[in-house]
């Protein structure tokens, strides 16, 4: 088994670039990251990884992106966080940019929709497998199941994700058994200093955009707001993005918006990468870069701000009980997402068999990239 106790920055970038290239299934990719970082390479222990996942759930924005930054921060400090963050997001940006250029010149995504129809069936298996993995790793008592079931029910009511997480944390305090205090390497205070410098850079750049080009400034502030208020992952950003781009500024018609969302679904990584499409369609190459950077910046800033305090809080038993409740709610969230994905598929015997086969292969730890490529090939042939 491969084991690298002290990865280099190149190791981090290569690993997260590969994970980002194969990151189909949105939140389900947290299990994919865990497999590589905890099980395969043993860069982090399971408790440290799961605590980071709980923290990333609380932060607005794309959970998988923040998780990549968290892993890099734990391994190699602030530079590691940046390397992992960029490495994970770069493949999605490249693919979305290419698809955006093709779309703008052809206005036809028939082939993409054909591939997406096959991917939707596979994604059900990928998300279901993620729920299975995190349930297996985190459920210790019947109370953990109860928290997950209650959280799933609340997510189904479309209650705001932030409120569900608060309720799950309270349930964790009340129902969780004593959770072992976590003693681990503390993040350096340089992290908070980095946050302050990065915040200053963002403010200065926003001021320059305001003076140079008001439309670029508007695009940047729209994307910053979208990320800042999208609690619950990338999917939570879509209604906010719709309101900003269509209702408020009328930059796109609903069909173009939905096409952008479809491309975001077929692209690996978080669906919030649709920002690249909208930036390119309205402002060209610079717009795609600006929209992509801005739509990931606030949540990254928040992570850098919070994590030094988070590490100190993990030494308290009550805090760890609350974290356990949030982790249980994550299993509930993945279960609900699996259910909602199943509703959007026309189920035939063939689709059912493909989904079951994909789920079994994932349980057997077959790499997700071979399952995705094999599934797409089968659907294109048939």
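Numerical summary
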| quantity | calculated |
| --- | --- |
| Condition check for residue 277: in a helix (DSSP H, G or I), modelled with pLDDT of 85 or more, more than 21 Å from residue 81 (Cβ to Cβ) and out of contact with any strand residue (DSSP E or B) (no Cβ under 6 Å at 6 or more places or on another chain) | yes |
| Which listed residue is buried (at least 20 other Cβ atoms within 10 Å of the Cβ) and closer than 30 Å to residue 163 by Cβ, from 303, 362, 313, 343 | 303 |
| Residue count, region 340-356 (criterion: at pLDDT 80 or above and in contact with a helix residue (DSSP H, G or I) (Cβ under 8 Å, 6 or more places away or on another chain)) | 5 |
| Among the candidates 82, 86, 78, residue that is free of Cβ contacts under 8 Å to residues at least 24 places away in the same chain and closer than 21 Å to residue 6 by Cβ | 82 |
| Which listed residue, of 63, 37, 59, is more than 26 Å from residue 362 (Cβ to Cβ) and either buried (at least 24 other Cβ atoms within 10 Å of the Cβ) or modelled with pLDDT under 90 (or both) | 59 |
| Spans of helices (runs of 4 or more DSSP H) in region 76-189 with at least 1 residues surrounded by fewer than 14 Cβ atoms within 10 Å (Cβ to Cβ) and at pLDDT below 80 | 110-138 |
| Complete set of residues in region 210-220 that are surrounded by 14 or more Cβ atoms within 10 Å (Cβ to Cβ), part of a helix (DSSP H, G or I) and free of Cβ contacts under 8 Å to residues at least 60 places away in the same chain | 210, 217, 218 |
| Search result, residues across region 368-377 that are out of contact with any helix residue (DSSP H, G or I) (no Cβ under 7 Å at 6 or more places or on another chain) and surrounded by 15 or more Cβ atoms within 10 Å (Cβ to Cβ) | 369, 374 |
| Pairs where the first residue, in region 10-22, is surrounded by 24 or more Cβ atoms within 10 Å (Cβ to Cβ) and the second is outside any helix (DSSP H, G or I) and modelled with pLDDT of 90 or more, C-beta under 8 Å, 6+ apart | none |
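The values are calculated or read from the model by the stated rules, or taken from the named source; none is laboratory data. Because the structure is a prediction, the values reported are computed rather than measured. Cβ sites come from the backbone with ideal geometry, for glycine too, and all protein chains shown count toward neighbours.
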